[in-house]
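Participant: Before anything else, here's the structure in question.
Just so it is clear, none of the values below were taken in a lab; they were calculated from the coordinates. Here the structure is a predicted model, which means the values were calculated and not measured. We place every Cβ from the backbone using ideal geometry, glycine too, and count neighbours over all the protein chains shown.
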Amino acid sequence: MPTIRPIENQDILAISQLHHMCFERGWSQKDIKNLLEKEGIFLLAEEKGRIVSCIVVSSVLDESEIVTLMTHPEYRNQHIGEKILQESITSLQKKGTIKIFLEVNENNRAAIGLYKKLGFTICSRRKNYYNNASGAEDALVMELLLKKGNNS
Ligand SMILES: CC(C)(COP(=O)(O)OP(=O)(O)OC[C@H]1O[C@@H](n2cnc3c(N)ncnc32)[C@H](O)[C@@H]1OP(=O)(O)O)[C@@H](O)C(=O)NCCC(=O)NCCS
């Protein structure tokens, strides 16, 4: 199993390359640098020096948004995304987050399956939110409510 650790500035190039591999519209290094300057949780999973998964969560007061989550295509279906997401949820709860939310493409079965497995539920739909090569697609908004006060 890979090791999970916080994202550091020297990881930005590799994270940008991984993001381009995982999404139709990849993030530039500047996009990532800007996100890391915000309040939140930024973790990556590393195996033998290779970044294989990462998560970026942005927090405002007691609410947090999963801005991105990805696993390298060669490392999928090994519960790495689940591990990094679970570790983020645990850290967010300790920091006082009571609601975690995210937007996900309605056709993204893998991500929806992963979020549901960890307790997220669908709370709303945003029509035509994505404008991809395949056309307009809806986003599902998913959320996970956490109990307050577990900051041990
Ligand atoms: C979504 C993503 C991060 C999942 O990462 P992963 O490391 O392969 O996921 P895991 O192996 O940890 O999967 C854990 C659980 O998620 C669900 N899941 C994962 N892949 C799935 C699939 N293809 N179909 C349905 N459910 C799936 C399952 O419940 C699985 O648990 P199980 O194997 O015990 O049934 C990965 O597919 C990815 O990077 N996709 C491209 C980027 C992306 O869409 N990110 C999400 C943006 S919101």
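Participant: List the residues of the stretch 67-106 whose backbone N lies under 17 Å from a point placed 7 Å from the Cα of Glu39 along the Cα-to-Cβ direction.
Facilitator: Taking a point 7 Å out along Cα→Cβ of Glu39, the residues of the stretch 67-106 whose backbone N falls under 17 Å are 67, 91-101.
Participant: Give the residue list of trypsin sites (Lys or Arg not before Pro) in the stretch 45-87 that are DSSP loop and have at most 10 other beta-carbon atoms within 10 angstrom.
Facilitator: Lys48
Participant: Which FRET efficiency value, to the nearest 0.05, is calculated for Glu24 and Gln86 with the Förster distance at 22 angstrom and r the Cβ-Cβ distance?
Facilitator: The computed FRET efficiency comes out at 0.25.
Participant: What does the charge count near Ile12 come to, summing +1 for each Lys or Arg and -1 for each Asp or Glu among other residues with Cβ under 11 Å from its Cβ?
Facilitator: Once all neighbours under 11 Å are counted, the net charge is -1.
Participant: On to the next question. Between rounded, prolate and oblate, where does the chain land on the alpha carbon gyration tensor, with a ≥ b ≥ c its root eigenvalues, rounded for a/c under 1.5, else prolate if a/b exceeds b/c?
Facilitator: Judged from the Cα gyration tensor, the chain comes out rounded (a/c under 1.5).
Participant: Further question on the same structure: Taking H as built 1.01 Å from N, whose amide H comes closer than 5 Å to the amide H of Lys99, not counting residues under 5 places away?
Facilitator: Residues meeting the criterion, in which the H sits 1.01 Å from N, are Ser64, Leu146.
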